[in-house]
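Here is the structure we will look at, set down as structure tokens.
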Amino acid sequence: DAGVIQSPRHEVTEMGQEVTLRCKPISGHNSLFWYRQTMMRGLELLIYFNNNVPIDDSGMPEDRFSAKMPNASFSTLKIQPSEPRDSAVYFCASSRRGDNQPQHFGDGTRLSIL
Amino acid sequence: DAKTTQPNSMESNEEEPVHLPCNHSTISGTDYIHWYRQLPSQGPEYVIHGLTSNVNNRMASLAIAEDRKSSTLILHRATLRDAAVYYCILRRYSGSARQLTFGSGTQLTVLP
């Protein structure tokens, strides 16, 4: 079975550029999560969706960040304009609905903003 | 969600059992105990979860104290591939999927 697929795996871009991260969740999963991991702050939630609807975006740092889930099989996280402090590994995860359903993580996108 | 406390790091010898502790003294009755691990350069991976009773699966065992204020993840025979950061997470039952709140976890080193 295919797991959560994220693209690109690595992204290096200059400050001010738009960055789009992509995620394909596991088929049949109703919930999708975007996390960010840095050395300073560890793993933190940015936003999550249930049935393609954003439920909690309180972790989104600021208006430069936006996330969409146009259908059950695709989500994007966009940063515009990007800044060096956005450099991190961004993970997408998906799960079936329910508190105790395991979350399945992708391999992440390592983002470097110069 | 209630807070958990884990040692920053632990070491184990290959092929020996490993007991990874987690304290959660403020746990509530509806908090489930979840464990995830993160191998180098990978996303976190679900390991096991439980509420009150001890749990076993193909990856590990979870031993939960009778008062539920602590738990222990048990790897029965550590391999080099088990070297990872292990996270103990409490999730309060709410009836729908919610985020995981990760702490700093325990870095497990497995020595050959």
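Brief remarks follow.
- Share, in percent, of DSSP beta bridges within the protein assembly as shown that are antiparallel, nearest 5: 90
- Cα-Cα pairs of chain A separated by more than 21 Å (percent): 30
- Interface size B-A, as summed buried accessible area [1.4 Å probe, Å², nearest 100]: 1700
- Members of region A:36-51 that become less accessible by 10 Å² or more once partner protein chains are added (1.4 angstrom probe, chain alone as reference): A:Gln37, A:Leu43, A:Leu45, A:Tyr48, A:Asn50
- Carbon plus sulfur fraction of accessible area for chain A, probe 1.4 Å, in percent: 48
- For the protein assembly as shown, diffusion coefficient by Stokes-Einstein and Kirkwood Rh (Cα), 25 °C, 0.890 mPa s, µm²/s: 135
- 25 Å Cα cut-off, lysine pairs counted over the protein assembly as shown (separation 8 or more, or different chains): 4
- Where trypsin sites (Lys or Arg not before Pro) in DSSP loops with at most 15 other Cβ within 10 Å are excluded, longest remaining stretch of chain B: B:4-57
- Sorting the Cα pairs of chain B by distance into bins of 10 Å, from 0 upward, gives 15, 49, 30, 6, 0 percent per bin.
- Average Cα contact separation per residue, chain B, under 8 Å, 6 or more apart, as relative contact order %: 37
- Think of each Lys and Arg Cβ as +1 and each Asp and Glu Cβ as -1; about the Cα centre, that makes the dipole of chain A roughly 260 debye.
- Distance between region A:33-67 and region B:1-59 - C-alpha centres, whole angstrom: 23
The values are calculated or read from the model by the stated rules, or taken from the named source; none is laboratory data. None of the values given here were measured: they were computed from a predicted structure. Heads up, the Cβs are rebuilt from the backbone with ideal geometry, glycines too, and the neighbour counts pull from every protein chain shown. We work out accessible area using only protein heavy atoms, side chains counted, and drop any ligands, DNA or RNA first. Shrake-Rupley method; radii C 1.70, N 1.55, O 1.52, S 1.80 Å.
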